[in-house]
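Take a look at the structure set out below.
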């Protein structure tokens with residue numbers, strides 16, 4: 001399962017297959033745009049599937065701003081509270 005929460009408290013939860021990959025993360029970002037709008041700033045942790053070069057290229061092409069949390073800082077991730 002992978003989820004997102006907005007600063008307004010809106011949420012999106014996606015069920016994923018057994019293993020989450022960089023390829024699936026690209027679909028997740030597109031799902032975020034579909035749900036919340038095309039122009040987004042997305043705050044991510046440093047999981048390997050979120051820092052993949054292909055993901056960053058797609059995000060740039062799609063007009064997404066990716067912001068990464070400092071390593072080892074789950075307390076800064078609002079989704080950890082859900």
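The values are calculated or read from the model by the stated rules, or taken from the named source; none is laboratory data. None of these values were measured; they are calculated from a predicted model. Note: ideal-geometry Cβ built from the backbone for every residue, glycine included; neighbour counts use all protein chains shown.
Identify, please: which residue in the stretch 39-48 is surrounded by 14 or more Cβ atoms within 10 Å (Cβ to Cβ) and out of contact with any helix residue (DSSP H, G or I) (no Cβ under 7 Å at 6 or more places or on another chain) and is, among those, modelled with the lowest pLDDT? Break it down into steps so the answer makes sense when it comes.
Within the stretch 39-48, the first condition is being surrounded by 14 or more Cβ atoms within 10 Å (Cβ to Cβ), and the residues that meet it are 40, 42-45.
In the following step, the residues that additionally are out of contact with any helix residue (DSSP H, G or I) (no Cβ under 7 Å at 6 or more places or on another chain) were identified as 43, 45.
Numbers: 43: 89, 45: 86.
Among those that are surrounded by 14 or more Cβ atoms within 10 Å (Cβ to Cβ) and out of contact with any helix residue (DSSP H, G or I) (no Cβ under 7 Å at 6 or more places or on another chain), it is 45.
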For the stretch 72-81, indicate whether the set of residues that are outside any helix (DSSP H, G or I), surrounded by 11 or more Cβ atoms within 10 Å (Cβ to Cβ), modelled with pLDDT under 90 and in contact with a strand residue (DSSP E or B) (Cβ under 9 Å, 6 or more places away or on another chain) is non-empty.
yes
Checked pairs for the stretch 23-38, first at positive phi and surrounded by 14 or more Cβ atoms within 10 Å (Cβ to Cβ), second at pLDDT 90 or above and in a helix (DSSP H, G or I), C-beta under 9 Å and 6 or more apart or across chains, list as none
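In the stretch 49-71, what residues are surrounded by 11 or more Cβ atoms within 10 Å (Cβ to Cβ) and either modelled with pLDDT under 85 or part of a helix (DSSP H, G or I) (or both)?
Taking the stretch 49-71 and keeping what is surrounded by 11 or more Cβ atoms within 10 Å (Cβ to Cβ), we get 49-52, 54-60, 62, 64-66, 68-69.
Across the stretch 49-71, the qualifying residues are 49, 50, 54, 55, 56, 57, 58, 59, 60.
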